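Notes for the one structure printed next.
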Amino acid sequence: MSDATNLTAQIDINTIPALGKEQLLELAMGPQHPSTHGVFRMNVVLDGERVMKLKPVFGYLHRNHEKIAESETYLGSMPYTDRLDYICSITNNWAYAIAVEKLAGIEVPERAEYLRVITGELTRLQNHACLLGFLMQDMGASGTPLMYAFREREKIMDLFEGLTGARMMCNYLRFGGCRVDAPAGWMDAARKVVAEFPRFLDEYENLLVGNEILMDRTQEVGILSKELAINAGISGPMARASGVDYDIRKVDHYSIYDRFNFRVPLGERGDVYDRYMIRFLEMRESIKILEQAMRDIPDGPIVDPKTKIRGFRPKPGEAYGRIESPKGELGFYLVSDGALNPYRYRVRPPSLINLTVLEDLCIGQNVADVVVILGSIDIVLGEVDR
Amino acid sequence: MNLENIKSEIEANVPGCQLEFVLNPSPSAQHSLRLDHAHAIAVATYLRDAADLRFDFCSNVTGIDWPAKELTEKVKVKKLVDGEEKEVEEVRKTTIPGTLEVVYHLFSVEKKHGPITLRMSTKDRESDVHMPSLTPVWRSAEFQEREIFDLFGVVFDGHPDLRRLLMWPDFIDHPMRRDYVAPDDFEYEPTAHDDVLQRANQHQSEAIAKLTSEAEGK
């Protein structure tokens, strides 16, 4: 065995000053543990219950997505992006489509942009609802909150099935538009789901937000400062919970988000409670966007007819495209050498980069809080390990 | 937000730095700047701290492998053939040496502009794969540079914790390189668990030896 596989080589126990008389304990949390949201290991050094050091270990789900995509045609990678963050497949498609559209200079028709916004915001709703459920489950509120969230997610997945034919692996976007138009009656069904969603949010908030145990477990736990959040590249709801006013929908003006009236909620303290509440507030803003998009959606073509489907070869060059995915900034960097497949295909995974501050958040906390802090970061290991 | 202006501004404020403007011919028009190794940290710090730029958010860091390439081109040359000047086609071969390139995409959270793209290249792909790390300037580069070290084999000087990120520590090659060939069969994939098991067994046998010696002592 080399030194690097040795746990003590990764965490040098001798450099950590012991606070109490107790001996320091190394603990491997994961990889097969439900609270790690997949297969992910944390090597934790404990002094009693206090976390002294924490080193994340990645790669259990690594399949070299980028290498596979480089031997595939541009369109051939579209269904594979579904498998990155398998809860939000449509936003993954969207980020990839935006990068390719930048690389090849493709325009998207009006109706397709509206369909993208509607499906993208529905994805955000289901992701945030699920995350809150998972977080409560991690905290020990076993079953009920998660099942309430899954009940709502089920309705949204039924909508996706009606539109794309698949519940999770939607494979819905194409370069220059969307794959299929909404079938008759779909938009009415979607309006109904969106109209009922605020009731679920009210119910969920009544159930949990004022709960004393929840406040005890989440307030002043895992505080992320604004400066560190920016410097460490943290994006999405996690950065906004720390007060970083940065929402790519507002900053990049991509797609048609300029037309909608919505606000960007910000947190004040950057603790787990703020990260938890920001998701509630973002869901309410998403509902506003959905209502406006469904009111304004025009008729028309759903795909740019000039875009080639077979033999699609962008000119040599490179492009970086990004969107505000439910987890944060999801970016795709593509380099083309004029061939059928990308010369370089890179995914900028928000889950991985949000996870890099885990040690900073956990040091000095109790070991039970590690699970809660990890849950509040919102990771999907399919995207972290790629 | 013109990259030419930013380039001249950096050149005025970071003395001695050599920047190369890299044109991107695609419709995205995201041009980039190539940094020299000696002034990389200084340029990055200037980009982060200058009041009008404030590129405080290093979003994406990634590598690109460019293996050595042989270009053949036909050139028409005037030559004296049998005492007479004629145009003759000649095949010229030029070799472009291989390199590993690292690309940084920067945005500004404060000014809400971007992206600008920085690139750095290593000398070659085999012997000199070193490059300064920009982790001291942007923390977000830390894990992404580890990933590039793992998958491409670029060694970042000044990186606080340069270990493999996604592949296991005993893995030898760099899978994202263009000439990487996957083995037919990974017969045995060592994980850290074997090591934990080994140490647990050792601990147990030590404990038993201690107990027996204590019992014998009585």
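The values are calculated or read from the model by the stated rules, or taken from the named source; none is laboratory data. Please read all numbers here as calculations on a predicted model, not as lab measurements. We place every Cβ from the backbone using ideal geometry, glycine too, and count neighbours over all the protein chains shown. Surface areas here come from the heavy atoms of the whole protein model, side chains and all, with no ligands, DNA or RNA. Shrake-Rupley method; radii C 1.70, N 1.55, O 1.52, S 1.80 Å.
Tally the residues that are more than 7 Å from every other protein chain (Cβ to nearest Cβ) and either over 19 Å from A:LEU352 (Cα atoms) or in contact with a Leu (Cβ under 6 Å, 6 or more places away or on another chain) (or both), restricting the search to the range B:157-177.
Of the residues in the range B:157-177, 7 are more than 7 Å from every other protein chain (Cβ to nearest Cβ) and either over 19 Å from A:LEU352 (Cα atoms) or in contact with a Leu (Cβ under 6 Å, 6 or more places away or on another chain) (or both).
If A:PHE150 passes every condition in (1) within 22 Å of A:ASP378 (Cα to Cα); (2) open to solvent by 10 Å² or more (accessible area, probe 1.4 Å); (3) outside any helix (DSSP H, G or I) but one, which one does it miss?
The single condition A:PHE150 does not satisfy is (3).
Condition first: at negative phi, among the hydrophobic types (A, V, I, L, M, F, W, C) and either assigned to a loop (DSSP other than H, G, I, E, B) or open to solvent by 30 Å² or more (accessible area, probe 1.4 Å) (or both). Now tell me which residues in the range B:23-57 satisfy that.
Of everything in the range B:23-57, those that are at negative phi, among the hydrophobic types (A, V, I, L, M, F, W, C) and either assigned to a loop (DSSP other than H, G, I, E, B) or open to solvent by 30 Å² or more (accessible area, probe 1.4 Å) (or both) turn out to be B:LEU23, B:LEU35, B:ALA38, B:ILE41, B:ALA42, B:ALA50, B:ALA51, B:LEU53, B:PHE55.
So, in the range B:132-151, exactly how many residues are open to solvent by 20 Å² or more (accessible area, probe 1.4 Å), part of a loop (DSSP other than H, G, I, E, B) and more than 10 Å from chain A (Cβ to nearest Cβ)?
1
Looking at (1) within 14 Å of another protein chain (Cβ to nearest Cβ); (2) out of contact with any Lys or Arg (no Cβ under 6 Å at 6 or more places or on another chain), which is the only condition B:SER108 fails?
If we test B:SER108 against (1) within 14 Å of another protein chain (Cβ to nearest Cβ); (2) out of contact with any Lys or Arg (no Cβ under 6 Å at 6 or more places or on another chain), just (2) comes out false.
Tell me, please, whether a residue that is at pLDDT below 90 and either touching a helix residue (DSSP H, G or I) at 6+ places or on another chain (Cβ under 8 Å) or not in a helix (DSSP H, G or I) (or both) can be found in the range A:90-100.
Among the residues of the range A:90-100, not one is at pLDDT below 90 and either touching a helix residue (DSSP H, G or I) at 6+ places or on another chain (Cβ under 8 Å) or not in a helix (DSSP H, G or I) (or both), which makes the answer no.
Can you tell me which residue among A:ILE353, A:ILE373, A:ILE323 is in a helix (DSSP H, G or I) and closer than 20 Å to B:TYR104 by Cα?
Step by step, each of A:ILE353, A:ILE373, A:ILE323 is checked, and only A:ILE353 is in a helix (DSSP H, G or I) and closer than 20 Å to B:TYR104 by Cα.
List every residue pair whose Cβ atoms lie under 6 Å apart, where the two residues are 6 or more positions apart in sequence or sit on different chains, the first residue falls within the range B:89-117 and is part of a strand (DSSP E or B), and the second residue, located anywhere, is open to solvent by less than 10 Å² (accessible area, probe 1.4 Å) and of a type in the set (Gly, Ala, Ser).
So the pair list comes out as B:VAL102/B:GLY63; B:HIS105/B:SER59; B:PHE107/B:SER59; B:THR117/B:SER32.
Test B:ARG119 against the stated conditions and say whether it is among the basic types (Lys, Arg), within 12 Å of the chain's Cα centre (by Cα) and within 12 Å of chain A (Cβ to nearest Cβ).
yes
Could you please let me know if A:ILE363 is open to solvent by 10 Å² or more (accessible area, probe 1.4 Å), closer than 24 Å to A:VAL244 by Cα, β-branched (Val, Ile, Thr) and more than 14 Å from chain B (Cβ to nearest Cβ)?
yes
With respect to A:GLY331, is the statement that it is buried (at least 19 other Cβ atoms within 10 Å of the Cβ) and away from chain B (no Cβ under 14 Å) true?
no
Take the range A:342-354 and flag every residue that is more than 8 Å from chain B (Cβ to nearest Cβ) and touching a Phe, Trp or Tyr at 6+ places or on another chain (Cβ under 7 Å).
A:PRO342, A:VAL347, listed by residue number.
Going by the structure shown, is A:ASP296 open to solvent by 30 Å² or more (accessible area, probe 1.4 Å) and over 23 Å from B:ARG164 (Cβ atoms)?
Against the criterion (open to solvent by 30 Å² or more (accessible area, probe 1.4 Å) and over 23 Å from B:ARG164 (Cβ atoms)), A:ASP296 qualifies.
Of all residues in the range A:47-88, count the ones that are away from chain B (no Cβ under 14 Å) and open to solvent by 10 Å² or more (accessible area, probe 1.4 Å).
The total comes to 14.
Go through (1) over 18 Å from B:SER59 (Cβ atoms); (2) within 13 Å of chain B (Cβ to nearest Cβ) and name the single condition A:VAL371 misses.
(2)
Out of (1) open to solvent by less than 70 Å² (accessible area, probe 1.4 Å); (2) within 14 Å of another protein chain (Cβ to nearest Cβ); (3) assigned to a strand (DSSP E or B), the odd one out for B:LEU71 is which?
Only one criterion in (1) open to solvent by less than 70 Å² (accessible area, probe 1.4 Å); (2) within 14 Å of another protein chain (Cβ to nearest Cβ); (3) assigned to a strand (DSSP E or B) is unmet by B:LEU71, namely (1).
Within the group B:VAL109, B:VAL91, which residue is β-branched (Val, Ile, Thr) and under 23 Å from A:GLU329 (Cβ atoms)?
B:VAL109
Condition first: surrounded by fewer than 16 Cβ atoms within 10 Å (Cβ to Cβ) and closer than 26 Å to A:LEU361 by Cα. Can you find one or more residues in the range A:117-139 that meet it?
No - not one qualifying residue is present in the range A:117-139.
Can you tell me which condition A:GLY210 does not meet? The list is (1) in contact with an Asp or Glu (Cβ under 6 Å, 6 or more places away or on another chain); (2) in a loop (DSSP other than H, G, I, E, B), and all the others hold.
Single failed check for A:GLY210: (1).
Out of B:VAL129, B:VAL154, I need the residue that is in contact with a helix residue (DSSP H, G or I) (Cβ under 7 Å, 6 or more places away or on another chain), surrounded by 14 or more Cβ atoms within 10 Å (Cβ to Cβ), closer than 27 Å to B:ARG48 by Cα and more than 11 Å from every other protein chain (Cβ to nearest Cβ). Which one?
Residue meeting the stated conditions: B:VAL154.
For the range A:26-46, name all the residues that are open to solvent by 50 Å² or more (accessible area, probe 1.4 Å) and modelled with pLDDT under 80.
A:GLN32, A:HIS33, A:PRO34
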